[in-house]
Amino acid sequence: MRALRGSVVVHRTRRRRALHRRALWTGGELLVSVGLLLLLLVVHEVWWTNREARQGAERKVEALEREWGTAPTNGTAPTDGTAANTGTRATTGVDPGGAGDGSGAPAASDAGRRGGDLQGEGFRQPSPARSQAYAVLVVPRLHLRVPVAEGVGKAEVLNKGYVGHYPGTQQPGQAGNFAVAGHRNTHGEPFRYLNRLRVEDVVQVETGAAVYTYAVDQVLPETSARDSGVLRPVPRSVLKPAYGYGDPGYYITLTTCTPEYTSRYRLVVWGKLLSMRPR
């Protein structure tokens, strides 16, 4: 009788151990599967979305150039987000102080003076529809050439690898603040290296009507995502008022998330309009 009881106890112990081993094995398989799934999601977000968005953005730039009947600006590269070691700087051939007539308006070419609207409203062009790509942002230092679309919606604009124009801010060449946003990571990450811009680096905005040339003037390394002052017609940080401007002018504002791979804060780059010329 004792031998029988001992046999039953041993059998139950072995069974429990087998069940434990099976549970551990099943749990391990689940952890590995979840890990592989997460890895695939990371690869999709970091690599595949970048690839798709960049290719789409490049095709849109080419389509806009065909529509305008123009060729890419010399010295710029596709929208790959790769930073260069040096960038184009504003030269003395452009009048950074205005048109020379005391009006504060940017300089223009002779052709622009003959045919363009230089009264603070840029060269006239149709107002873009929501999510419409209507301009190309060119940043030589970053080897960046990317479409600009109306609005800052993720699905409709930013996740396509485009730069989005903040509704309610001015358009290129207009008096006030032409403000745009772009992803710093994933989905083409056009503003990945925005922090590498330096004072006097050139930023151009090309439209079907004209080319507007700005020079970087200030960089705000970090501010809150709710700092609406950076988007005002005369931009100035509400939280860090040492950054920004006090007088009306012709400004461009570039914004993106910071630090990288987070959306906690915003990096802001401001520039001033140097010149505009018609196509």
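Read-outs throughout are calculated quantities, based only on the coordinates presented, and are distinct from any laboratory measurement. The shown structure was predicted, so the numbers you read here are calculated from the model rather than taken from an experiment. Cβ sites come from the backbone with ideal geometry, for glycine too, and all protein chains shown count toward neighbours.
Under 20 Å from the Cα of LYS240, which lysines turn up, not counting those fewer than eight places away in the same chain?
Within the straight-line limit of under 20 Å, LYS240 reaches these lysines: LYS272.
From the Cα gyration tensor of region 175-274, with a ≥ b ≥ c the square roots of its eigenvalues, which class applies: rounded if a/c is under 1.5, or else prolate if a/b is larger than b/c, or else oblate? Write out the running numbers ahead of the final one.
Values: a/c = 1.81, a/b = 1.15, b/c = 1.58.
Note, shape of region 175-274 comes out oblate.
Compute the FRET efficiency between SER131 and GLU200 as 1/(1 + (r/R0)^6), taking r as their Cβ-Cβ distance and R0 = 25 Å, and round to the nearest 0.05. Could you put the intermediate results ahead of the total?
Numbers: r = 33 Å, r/R0 = 1.32.
Computed FRET efficiency for SER131 and GLU200: 0.15.
So if each residue of separation counts as 0.36 nm, and I subtract the Cα-Cα distance between LEU231 and ALA23, what length gain in nm does that give? Provide the component values of the computation, followed by the final result.
Numbers: separation 208, 0.36 × 208 = 74.88 nm, distance 5.69 nm.
This chain segment gains 69.2 nm when fully extended.
So how do 187-193, 64-70, 148-154 stack up, highest first, on mean other-Cβ count within 10 Å?
Result, highest mean first: 187-193, 148-154, 64-70.
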